[in-house]
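The values are calculated or read from the model by the stated rules, or taken from the named source; none is laboratory data. Everything numeric in this text was worked out from a predicted model, so none of it was measured. Cβ coordinates were reconstructed from backbone atoms using ideal geometry, including for glycine residues, and neighbour counts include every protein chain displayed. Just the protein is used for accessible areas: all its heavy atoms, side chains included, with ligands, DNA and RNA removed. Shrake-Rupley method; radii C 1.70, N 1.55, O 1.52, S 1.80 Å.
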Amino acid sequence: MDVIELTQRLIAFDTVNPPGAERPAMEFCAGLLAAGGFDCRMIPQGPGRCNLIATRGTGTGRALGFTGHLDTVPLGAAPWAFAPHAGTVLDDRLYGRGSTDMKGGVAAFMVAALDAPPPPGGVALLLTAGEETGSDGARAMVGAGPLPPIGALIVAEPTENRAVPGHKGALWLRLRVHGVTAHGSMPERGVNAIGLAARALARIEALDLGAAHPVMGAPTLNIGTIAGGLNTNSVPDLCEVTLDLRSVPGVAHTDLIAAIRALLPAGTEVEPLIDLPAVWTDPATPWLGAITRASAAISGAPTDPVAMSYFTDASVFTPALDGVPTVILGPGDPAMAHKTDEYVSIARLHEAVAIYRGALACWESER
């Protein structure tokens, strides 16, 4: 099965999350990999869902690891010109939900790993469910433990085959600010939760989030949603707010939460919704430098370091693997992720297979 056919087969599985329903796609991948000599272990994640660890040639030294997720975001309200699960090919484009993000990347590393002999230390594939909702599958996989011994990790998220050494972290918080209700004509008899929240948010927006990273830039904060009130003529006794913070290396999420708590009214509840740290590998790391040059030679991508704005399962896997060198490198176009009529370039898919084969051929288990 070539990378085009495999991408089409994966797109044909409806893994829109929620609900995900990734198990049939995972079982299909496990069947292909087992037939190719891989040892496969399924990690359950609730009804209709699971994750997959597939290894070949492991046992001594450390493996080269690849990871990707099989869930996708919903289709959206706008009509699609191409059936979202048909895998339509037109010119250089393969259309379908998940083609760019990131079933094309998963197909490319599966094809490379099945075709190439396992390197010293072996190869380990980590296929996850539930990445789109906060790396739920990666957490389940780490919790089920142990992960295979991995010496470096390739995350096949969309970069147009540019080797990217990291991405910002994501910290999403829900704040529940409490007040006291009263008649709207007598506001002095109540405590306005919206007013409390508004004043707190003004302080939060002025908060110093920490030092900027030389490549990622500064950490950021966005007030995403705000809701409160019973009706126009009542003093609201509850206001809910969500915050989206994007962190950089050196900025601890526990410190951000503590700083925000200090600016909130007494009794405010703070609930983390997503808590995924930033990921960064020094571009001077020999393995990262080598794969950056090799991928650029195939794809024509620049070699200067950049960072992605989205989060990946590396936020969970890289710390669990003791901070192994990690690169984000996949055939998809980040600009096409989550879009109507999402597509991946067929040329980029073939490039990715060549890049991953080269990475396997050059891998040394002692890294």
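In the range 100-184, which strands (runs of 3 or more DSSP E) lie fully inside it and hold 2 or more residues that are small (Gly, Ala, Ser) and at pLDDT 95 or above?
150-155, 169-178
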task: Have a look at Gly332, Gly267 and point out the one that is under 18 Å from Val3 (Cβ atoms) and touching a strand residue (DSSP E or B) at 6+ places or on another chain (Cβ under 7 Å).
output: Gly332
message: Suppose the filter is charged (D, E, K, R) and over 27 Å from Val327 (Cβ atoms); does Arg49 pass it?
response: yes
- prompt: Which numbered condition trips up His213, out of (1) of a type outside the set (Gly, Ala, Ser); (2) open to solvent by 60 Å² or more (accessible area, probe 1.4 Å); (3) out of contact with any strand residue (DSSP E or B) (no Cβ under 6 Å at 6 or more places or on another chain)?
  reply: (2)
message: List pairs: first residue in the range 83-112 and without any contact (Cβ under 8 Å) to a residue 12 or more places away in the chain, second residue of a type in the set (S, T, N, Q) and surrounded by fewer than 24 Cβ atoms within 10 Å (Cβ to Cβ) anywhere in the structure, Cβ distance under 9 angstrom, at least six positions apart or on different chains.
response: Thr88/Gln8
message: When the residues of the range 316-359 are narrowed to those that are out of contact with any helix residue (DSSP H, G or I) (no Cβ under 8 Å at 6 or more places or on another chain) and within 26 Å of Pro146 (Cβ to Cβ), which ends up most open to solvent (accessible area, probe 1.4 Å)?
response: Asp322
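To keep it simple, each residue is scored yes or no on (1) aromatic (Phe, Trp, Tyr); (2) open to solvent by less than 10 Å² (accessible area, probe 1.4 Å); (3) not in a loop (DSSP other than H, G, I, E, B).
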position: Ile11; (1), (2), (3): no, yes, yes
position: Ala21; (1), (2), (3): no, no, no
position: Ala30; (1), (2), (3): no, no, yes
position: Ala34; (1), (2), (3): no, no, yes
position: Pro47; (1), (2), (3): no, no, no
position: Ala54; (1), (2), (3): no, yes, yes
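Residues checked against (1) touching a residue at least 12 places away in the same chain (Cβ under 8 Å); (2) within 14 Å of the chain's Cα centre (by Cα):
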residue: Glu271; (1), (2): yes, no
residue: Ala278; (1), (2): yes, yes
residue: Ala290; (1), (2): yes, no
residue: Ala297; (1), (2): no, no
residue: Gly330; (1), (2): yes, yes
residue: Asp333; (1), (2): yes, no
residue: Thr340; (1), (2): yes, no
residue: Arg348; (1), (2): yes, no
residue: Glu351; (1), (2): yes, no
query: Which residue out of Thr7, Thr72, Thr60, Thr88 is hydroxyl-bearing (Ser, Thr, Tyr) and surrounded by fewer than 16 Cβ atoms within 10 Å (Cβ to Cβ)?
result: Thr60
- request: State which residue pairs qualify: first residue within 16 Å of Leu245 (Cβ to Cβ) and open to solvent by 40 Å² or more (accessible area, probe 1.4 Å) and inside the range 256-268, second residue in a loop (DSSP other than H, G, I, E, B) and β-branched (Val, Ile, Thr) in any location, beta carbons under 9 Å apart, and separation of 6 or more residues or different chains.
  value: Arg261/Thr268
Residue, nearest to Thr268 (Cα to Cα), within the range 236-254, restricted to residues that are part of a loop (DSSP other than H, G, I, E, B) and of a type in the set (A, V, I, L, M): Ala252
message: For the list (1) free of Cβ contacts under 8 Å to residues at least 24 places away in the same chain; (2) not in a helix (DSSP H, G or I); (3) not aliphatic (A, V, I, L, M), I need the number of the one condition that Gly61 fails.
response: (1)
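Report, by residue number, each residue of the range 291-304 that is open to solvent by 60 Å² or more (accessible area, probe 1.4 Å) and not aliphatic (A, V, I, L, M).
Arg293, Gly300, Pro302, Thr303, Asp304 - these are the residues of the range 291-304 that are open to solvent by 60 Å² or more (accessible area, probe 1.4 Å) and not aliphatic (A, V, I, L, M).
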query: hydrophobic (A, V, I, L, M, F, W, C), within 23 Å of the chain's Cα centre (by Cα) and surrounded by 15 or more Cβ atoms within 10 Å (Cβ to Cβ): does that describe Leu221?
result: yes
- prompt: For the range 1-23, what are the residues that are in contact (Cβ under 8 Å) with a residue 12 or more places away in the chain and more than 20 Å from the chain's Cα centre (by Cα)?
  reply: Met1, Asp2, Val3, Ile4, Leu6, Gln8, Arg9, Ala12
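Residue-by-condition table, conditions (1) within 26 Å of Ala335 (Cβ to Cβ); (2) touching a Phe, Trp or Tyr at 6+ places or on another chain (Cβ under 7 Å); (3) open to solvent by 10 Å² or more (accessible area, probe 1.4 Å):
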site	(1), (2), (3)
Met102	yes, no, no
Ala116	no, no, yes
Ala124	no, no, no
Ala170	yes, yes, no
